1. From the list Asn253, Asn259, exactly one residue is open to solvent by 40 Å² or more (accessible area, probe 1.4 Å), modelled with pLDDT under 75, of a type outside the set (Val, Ile, Thr) and farther than 20 Å from Gly179 by Cβ. Which is it?
2. Could you check the range 92-209 for strands (runs of 3 or more DSSP E) lying wholly inside it with 1 or more residues that are without any contact (Cβ under 8 Å) to a residue 40 or more places away in the chain and open to solvent by less than 20 Å² (accessible area, probe 1.4 Å)?
3. Taking the residues in the range 57-83 that are over 19 Å from Ala295 (Cβ atoms) and in a loop (DSSP other than H, G, I, E, B) as candidates, determine which candidate is most open to solvent (accessible area, probe 1.4 Å).
4. Step by step: first the residues of the range 350-376, then only those that are open to solvent by 40 Å² or more (accessible area, probe 1.4 Å) and of a type outside the set (A, V, I, L, M, F, W, C), then the one that is farthest from Arg142 (Cα to Cα). Which residue is that?
5. Here is a list: Arg284, Arg325. Which entry is without any contact (Cβ under 8 Å) to a residue 60 or more places away in the chain, under 25 Å from Glu163 (Cβ atoms) and basic (Lys, Arg)?
6. Confirm whether Val345 is closer than 24 Å to Cys200 by Cβ, crowded, with 18+ Cβ neighbours inside 10 Å and touching a residue at least 12 places away in the same chain (Cβ under 8 Å).
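The values are calculated or read from the model by the stated rules, or taken from the named source; none is laboratory data. The structure displayed is predicted, hence computed values, not measured ones. All Cβ positions, even for glycine, are placed from backbone atoms using ideal geometry, and neighbour counts span all protein chains on display. Keep in mind that these areas ignore ligands, DNA and RNA; they rest on the heavy atoms of the full protein, side chains included. Shrake-Rupley method; radii C 1.70, N 1.55, O 1.52, S 1.80 Å.
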Amino acid sequence: MLPRQTRTMTMLRELALRNSSTNSIVGNQLKHRHGFHIIRQTCTEFPRKLKKTERKPWVTNINELKRIGRAERKERQIVRERILQPPQNGLLVKELIPVAHQVNADRIQLFTCVSKVAQSIAIYSCSVCGEVHIGHRPHKIRTCNVMGSAASKEHCWRRGAVEHVLPLVESFHLYDRLGRAVSHNERLQVDRIPAILELCVQAGIDLPEYPTRRRVFPAYSISGRVIDFEKRFPKEDAPGKDIYACGFWQKRNNISEDNKSVDMQPCDLQGTAVRGMEAWERMRSGASRLMETYAVQTCGYCSELQVGPKGHRVRNCQAYKHQMRDGQHAWQEATIDDVVPPVYVWHVRDTQSEKPLVNGLKKYYGMLPAVVELFAQAGASVPNDYVVMMREDVAVPEWDEEKLVV
């Protein structure tokens, strides 16, 4: 015979297990009984929009960064030569050169596919807050909560374009990625190009209009300083050769001409959307692979980006507490979403319906990146990484049934 206290605890444990198993079976089913909608809860959370006072999450733990910093300071106190590995020594990683070419080709193909699909599917943008909607009828969800918006928080829609679906993130082009950072006085003298293109250039793509120094001999590190034994201007790098003599303030059509240079075979809308979706996935995966080796820096409070081992010194940050930094950016390691930002939009399930998305049922709607939503409405299949965000397993009630939802 067990003691009374032990028997009581055993009975309570068995009762709790039976209740938890019963609740899990009932809660995981989607039923419609007596007009009530029992919605299965999903563990997926939409990407939260950061507040102006919040900093972007660190890619590497802050304690790990401190440990690395202490180790580097201790290493600099010892005067000795340290051999660097590519690309820290200025040489290219040969295995990633084909990846850079593939990412650049996917970038051009993606821009072409989005331009063609946007001619058939409407793109809307809010003129106040900049929110984007894909589809014929703009939604009625009241999420316009910025300075200058209406009291009802309704959006002021206008027709959008490709730049609203694929926002351009620029970076200073570096002739020598191991050289000094761009200063504030040089901000008008250095070209700015798309960050994804600058990443491909540093990884091995050669563009005549954007010359880049390619080292033959590696650089070394002595007491934390990079020592370069190669001539600064070799004979094959003639000054002024293959350089476009104009400032970046003049509009340059080189990038747009490259995007239009892809001669795609005439096909239906769905085929273009399928190729664009594949190019989107390949470009992001290839860029993520390049970023594992080639460093990219981003500001922790604004969208400024710099491809290279360190950030620039241009004092143009206007984000939170920029006065304390004298306009300098709070540089940290960037992610793929900083280089290729996905503009999240509300997912439209029924593209043939004339009813727009309403504000009272927004908790039942899903979200997708604007590029994925554009291609999905054109007939392309959504990748598995975004299926959960669509919330296709959640039953959307009618407007008069919303009060009956449990």
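1. Details: Asn259 fails: open to solvent by 40 Å² or more (accessible area, probe 1.4 Å).
From the options Asn253, Asn259, the qualifying one is Asn253.
2. Details: elements: 123-126, 132-134, 157-159, 170-172, 192-194.
Per the criteria, 123-126.
3. Gln77
4. Filtering the range 350-376 for residues open to solvent by 40 Å² or more (accessible area, probe 1.4 Å) gives 350-355, 358, 362-363.
Filter again for of a type outside the set (A, V, I, L, M, F, W, C), leaving 350-355, 362-363.
Numbers: Asp350: 20, Thr351: 21, Gln352: 23, Ser353: 20, Glu354: 19, Lys355: 16, Lys362: 10, Lys363: 12 Å.
It comes out as Gln352.
5. Values: Arg325 fails: under 25 Å from Glu163 (Cβ atoms).
Exactly one residue qualifies, and that residue is Arg284.
6. Details: closer than 24 Å to Cys200 by Cβ: no; crowded, with 18+ Cβ neighbours inside 10 Å: yes; touching a residue at least 12 places away in the same chain (Cβ under 8 Å): yes.
For Val345, the condition - closer than 24 Å to Cys200 by Cβ, crowded, with 18+ Cβ neighbours inside 10 Å and touching a residue at least 12 places away in the same chain (Cβ under 8 Å) - is not met.
Here's the yes/no breakdown for (1) of a type in the set (S, T, N, Q); (2) buried (at least 17 other Cβ atoms within 10 Å of the Cβ):
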residue: Gly271; (1), (2): no, no
residue: Ser285; (1), (2): yes, no
residue: Cys299; (1), (2): no, yes
residue: Leu305; (1), (2): no, yes
residue: Gln318; (1), (2): yes, no
residue: Met324; (1), (2): no, no
residue: Gln328; (1), (2): yes, yes
residue: Ile336; (1), (2): no, yes
